[in-house]
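Read the structure below first, then the notes.
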Amino acid sequence: MNNKVNLLILLFSTIICGLATAQEEMKSDYDIPYGNNEEIGKYVTINGAEIYYEEYGKGEPLLIIHGNGSSIGRMKYQIEYFNSKYRVIVADSRGHGKSELKTDSLTYVQITKDWEGLAKHLKLDSLNIFGSSDGGIVALKMAISRKTKIKKIVALGANLRPDSTAVNVFAVNAVDGMKKIVNTKILEKDTTQNWNLRKQRLGLLGDQPNIPRNDLSKITAQVLIMAGDEDIIRNSHTVEIYENIPKAQLCIMPGQTHWARSESPEYVNGIINKFFKEPFKRPDSDFTKRKK
């Protein structure tokens, strides 16, 4: 019975938390131990929690924000690619990696405030953001709050709500199944894992975010909304996000999944880099407006 439960935990964790894919494991690590770099890693107290972060490169600031159940190290392909082009700033979000949890109810609101606090701590006047999955949600929330001056955002695999109108049913069911397992483990007072932490991360996935569509109209930053055509997020929902941001572009990548950033890093990084480098355009194909 325990083996079956452990297999379910592994399966659900892989689906919903973006653990290392087979392709990530096959590729050798870089010389720099991203996420565990004792030479440059730092802690700062933000909103009552110790938040761990690292910085690489010089120039215009670029925040790279990881997804649920992940950490700095899982964004290594983007850090390695962009640290020769930008001042790359990466952090373990609250309750992830080396950063403290310090709450009984983890929310995207809190994580967003933490990232805004880090930007303030570093005195960043203007910045760009690449956010993957939960990181994309946080990036959009930062743009909506406008407490940080943001030039451009790339949000990969983000969603506005947690239900099946936004997220494919298999993922919704996986989260529900994992919730039941975690709640059972907590009732049994099992100590093999930090079940309270898992519960709070699942709360992000299963009960959040709850971003009103109309809030997207508050975004003044230029945004690229990305997803794989076989993403966890429904293609229709990705289009919905794109259509409601004033200055947005859309990229649904053929033959890609929610983990395109690690499965096809060269491809994904090239798209992100092109968006950051080139002037923003949102051309109009309405031929009826064209002069004769």
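Values quoted throughout were computed directly from the atomic coordinates according to the rules given, and no laboratory measurement underlies them. This is a predicted model, so every value here is computed, not measured. Don't worry about glycine lacking a Cβ; one is built from the backbone with ideal geometry, like all the others, and counts go over all protein chains shown.
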Hey, can you tell me all the residues within the stretch 196-230 that are charged (D, E, K, R), in contact (Cβ under 8 Å) with a residue 40 or more places away in the chain and closer than 24 Å to Lys179 by Cα?
Arg201, Asp207
I'd like the full set of residues that are surrounded by 12 or more Cβ atoms within 10 Å (Cβ to Cβ) and part of a loop (DSSP other than H, G, I, E, B), limited to the stretch 31-47.
Ile32, Pro33, Tyr34, Gly35, Asn36, Asn37, Gly41, Asn47
Could you name every one of the helices (runs of 4 or more DSSP H) located completely within the stretch 76-169 that has at least 3 residues being at positive phi?
none
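What's the total number of residues in the stretch 112-144 that are within 17 Å of the chain's Cα centre (by Cα) and either among the charged types (D, E, K, R) or closer than 19 Å to Lys218 by Cβ (or both)?
Quick first cut of the stretch 112-144, residues within 17 Å of the chain's Cα centre (by Cα) only: 112-116, 118-119, 127-144.
When the remaining residues are screened for being either among the charged types (D, E, K, R) or closer than 19 Å to Lys218 by Cβ (or both), the result is 112-116, 119, 127-129, 131, 134, 136-144.
Qualifying residue count, the stretch 112-144: 20.
Answer with yes or no whether Glu50 is of a type in the set (D, E, K, R), in a strand (DSSP E or B), farther than 30 Å from Gly206 by Cβ and in contact with a strand residue (DSSP E or B) (Cβ under 8 Å, 6 or more places away or on another chain).
Details: of a type in the set (D, E, K, R): yes; in a strand (DSSP E or B): yes; farther than 30 Å from Gly206 by Cβ: no; in contact with a strand residue (DSSP E or B) (Cβ under 8 Å, 6 or more places away or on another chain): yes.
Against the criterion (of a type in the set (D, E, K, R), in a strand (DSSP E or B), farther than 30 Å from Gly206 by Cβ and in contact with a strand residue (DSSP E or B) (Cβ under 8 Å, 6 or more places away or on another chain)), Glu50 does not qualify.
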Just to check your reading of the model, which residue among Ser93, Ser133, Ser71, Ser99 is over 21 Å from Lys151 (Cβ atoms), free of Cβ contacts under 8 Å to residues at least 40 places away in the same chain and small (Gly, Ala, Ser)?
Ser71
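Condition (residue is within 20 Å of the chain's Cα centre (by Cα) and not β-branched (Val, Ile, Thr)) applied to the stretch 176-197: is it met by at least one residue?
Here is the first cut: in the stretch 176-197, the ones within 20 Å of the chain's Cα centre (by Cα) are 197.
After this cut, where a residue has to be not β-branched (Val, Ile, Thr) as well, the list is 197.
Yes, the conditions are met somewhere in the stretch 176-197.
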For the stretch 156-182, name all the residues that are of a type in the set (A, V, I, L, M, F, W, C) and touching a Phe, Trp or Tyr at 6+ places or on another chain (Cβ under 8 Å).
Leu156, Ala174, Val175, Met178, Ile181, Val182
